[in-house]
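Enquirer: The structure under discussion is supplied below as structure tokens; questions concerning it will follow.
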Amino acid sequence: MTTSPSDIPTLADLYESKAIPQSDEQPKYRYDEALNKRVSIWRGDITELESDMIVNAANSSLLGGGGVDGAIHRAAGPELFEECEGLGGAKTGETKVTGAYELPSKLIAHTVGPIYSSSKKDQCAAQLRSCYSTSLELCKKHGGGSIGFSSISTGVYGYPIQAATEIAIETTRTSLEADQSISRVIYVVFSQRDEDVYKSIIPRFFPPPPSSPPSYEEATS
Ligand code: ADP
């Protein structure tokens, strides 16, 4: 079963249907309706997403591994491994693009997230930021369109989900503001917990529309 971006609600839709809980925190960025229509949070399997690019949480060998990486290699088939063999690996924070073979998406960006260490917090944050920004840059370079991100480094690599999600979302906000070629960024979350975290953090970076004042009837009833 495949899901295309047109089947996935945008942030604007989620705010409209009140599927995102109200946040008490002060937004860090201004409200922008057009940007809210270019972002989605979707719980599902990234190998079933039909987008222009998906982003794989790879390791530095780029030859496949566990978690989302293993799922992508299994679903894409052996030709993906053959192409990856020719890439010569990648450094942490670096991203390389391949075809997607049997997957419904067109391209795969393989990005190498940091293995989290609390004693190297700043370095890990810079590397994770680079994963997101280089993936977005490569999506633009390949013609833009839709891009689905897995939650880089937050599985086996142990990056705390809250901090990683802030980096994912803030990097996207600045990138989408600077360029129109990416029509949709889809955060593919695999668990209910991750979905809740993304939904709790996103209003700070992509705020909801300002609430309209109560109607006369509401105000006087
Ligand atoms: P890392 O080694 O970078 O931490 P993992 O693959 O262990 O990468 O985990 C990254 C994220 O991918 C985790 O949130 C995990 O739940 C999620 N994940 C695992 N399989 C899939 C899948 N098929 N589709 C989308 N996300 C997945």
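Enquirer: What about R173, is it basic (K, R), open to solvent by less than 10 Å² (accessible area, probe 1.4 Å), assigned to a helix (DSSP H, G or I) and in contact (Cβ under 8 Å) with a residue 60 or more places away in the chain?
Expert: yes
Enquirer: Can you pull out every residue in segment 178-192 that is more than 9 Å from the ligand (Cβ to nearest atom) and either assigned to a helix (DSSP H, G or I) or touching a residue at least 60 places away in the same chain (Cβ under 8 Å) (or both)? Outline the logic, then answer.
Expert: Keep residues of segment 178-192 that are more than 9 Å from the ligand (Cβ to nearest atom), which gives 178-187, 192.
Listed by number, the residues that qualify are A178, I182, S183, R184, V185, I186, Y187, Q192.
Enquirer: Suppose we filter segment 87-128 for residues that are in contact with a Cys (Cβ under 6 Å, 6 or more places away or on another chain) and open to solvent by 40 Å² or more (accessible area, probe 1.4 Å); how many remain?
Expert: Final tally of qualifying residues: 1.
Enquirer: Here's a check for you: in segment 47-61, which residue that is assigned to a loop (DSSP other than H, G, I, E, B) and charged (D, E, K, R) is most open to solvent (accessible area, probe 1.4 Å)?
Expert: By that ranking, first place goes to E50.
Enquirer: Continuing with this model, one more query. Among the polar types (S, T, N, Q) and without any contact (Cβ under 8 Å) to a residue 40 or more places away in the chain, is that true of T111?
Expert: Judged against the criteria, T111 is not a match.
Enquirer: Just give me the residues in segment 97-140 being assigned to a helix (DSSP H, G or I), touching a Phe, Trp or Tyr at 6+ places or on another chain (Cβ under 9 Å) and of a type outside the set (A, V, I, L, M, F, W, C), in sequence order.
Expert: Matches in segment 97-140: Y132, S135.
Enquirer: Here is a further query. So the check is Cβ under 9 Å with 6+ separation or different chains; which pairs have a first residue in segment 57-70 that's under 16 Å from Y116 (Cα atoms) and at pLDDT 95 or above and a second one that's among the polar types (S, T, N, Q) and more than 6 Å from the ligand (Cβ to nearest atom)?
Expert: Note: pairs meeting the criteria are A57/T111; A58/T95; A58/T111; S60/T92.
Enquirer: When the residues of segment 62-82 are filtered to those that are in contact with a strand residue (DSSP E or B) (Cβ under 9 Å, 6 or more places away or on another chain) and not in a helix (DSSP H, G or I), which remaining residue is least open to solvent (accessible area, probe 1.4 Å)?
Expert: Filtering segment 62-82 for residues that are in contact with a strand residue (DSSP E or B) (Cβ under 9 Å, 6 or more places away or on another chain) and not in a helix (DSSP H, G or I), the one least open to solvent (accessible area, probe 1.4 Å) comes out as L62.
Enquirer: If we keep just the residues of segment 130-161 that are more than 20 Å from I8 (Cβ to Cβ) and aliphatic (A, V, I, L, M), which is nearest to the ligand (Cβ to nearest atom)?
Expert: Ranking the qualifying residues of segment 130-161, first place goes to V156.
The values are calculated or read from the model by the stated rules, or taken from the named source; none is laboratory data. Note that the coordinates shown come from a computational prediction; the quantities given were computed from them, not determined experimentally. With ideal geometry, Cβ positions are generated from the backbone for all residues, glycine too; neighbour counts draw on all protein chains shown. Note: areas computed on protein heavy atoms with side chains; ligands, DNA, RNA excluded. Shrake-Rupley method; radii C 1.70, N 1.55, O 1.52, S 1.80 Å.
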